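Everything below concerns the one structure shown next.
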Amino acid sequence: MLYALVAVAFWAMLPAYIPNNAAVLAGGGAPIDGGRRVDGRRLLGDGKTWRGTAVGTLAGFLLAQGLNVVAPAVSAQTGISVPTFPVAAAFGLAFGAMLGDISASFLKRRTGRQRGAAFPVVDQLDFVVGALACAALLDFGWFVGTFTLPVVGVVIVLTPILHVVTNAAAYVVGLKEEPY
Ligand code: CTP
Ligand code: MG
């Protein structure tokens, strides 16, 4: 059932979806790279801060704990068996999402893109790759049981759509400086 598959994929990815948005709200303060440059270009840039990364990770982790609380009721009500998040998996998804986004900024700077420049496809999927890789690394059994091939397929299609819509909305209400 496609509907159930989409619901499970969305639920399983929520702890990875929230960190970037929380980081936007919490951003500011000291940049992770401390202003360091490589070949004249910033290592990461002012858009990757300690505070944004910490708050983003915490937000994703805490959301997973909240989902764990309501999961049994949601599963019973809907008949769709939504996943719960062991501590390592919750942390892996949240921190991995931030790490993926940070890695993308590293790539952006190396390819001459200024802070805030668009990097299509990478912008939309960097945090997915980071989140899935970290979750797999920290709790492989949970990962293969939750992110089956069909679920991963839905995630790869669904995430860019959600990313474009939420970022455009954040831009319209003035939370983000660019609409991507
Ligand atoms: N942010 C942060 N720390 C992070 C990620 C994001 O503080 N690890 C905050 C920053 O204030 C950043 C904003 O969220 O400007 C938007 O994030 P993003 O679009 O990822 O950063 P950009 O400023 O666009 O920089 P980059 O070009 O490096 O992606
Ligand atoms: Mg950006």
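Values quoted throughout were computed directly from the atomic coordinates according to the rules given, and no laboratory measurement underlies them. Model, not experiment: these values are computed from the prediction. Neighbour counts are summed over all protein chains in view; Cβ atoms, including those assigned to glycine, are modelled from backbone coordinates with ideal geometry.
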| request: Can you tell me the FRET efficiency between L5 and F106 if r is taken as the Cβ-Cβ distance and R0 is 41 Å, rounded to the nearest 0.05? | output: 0.80
| message | Helix-only mean residue ellipticity at 222 nm, the chain, DSSP H runs n ≥ 4 weighted -39,500 (n - 2.57), per residue, nearest 500. What is it? | response | -24500 deg cm²/dmol
| field | Spin-label zone in region 27-48 - amide nitrogen under 17 Å from a point set 7 Å from the Cα of R115 along the C-beta vector | value | 27-38, 40-48
| task | Quick one: angle between helix 122-138 and the longest Cα principal axis of the chain, in degrees between 0 and 90, rounded to 10, please. | result | 60
| Computed FRET efficiency, Cβ-Cβ of A76 and V144, R0 22 Å: what is it to the nearest 0.05? | 0.30
| said: For the chain, set up a GNM with springs between Cα atoms under 10 Å and report which of L125, L93, L158 has the largest fluctuation. | reply: L158
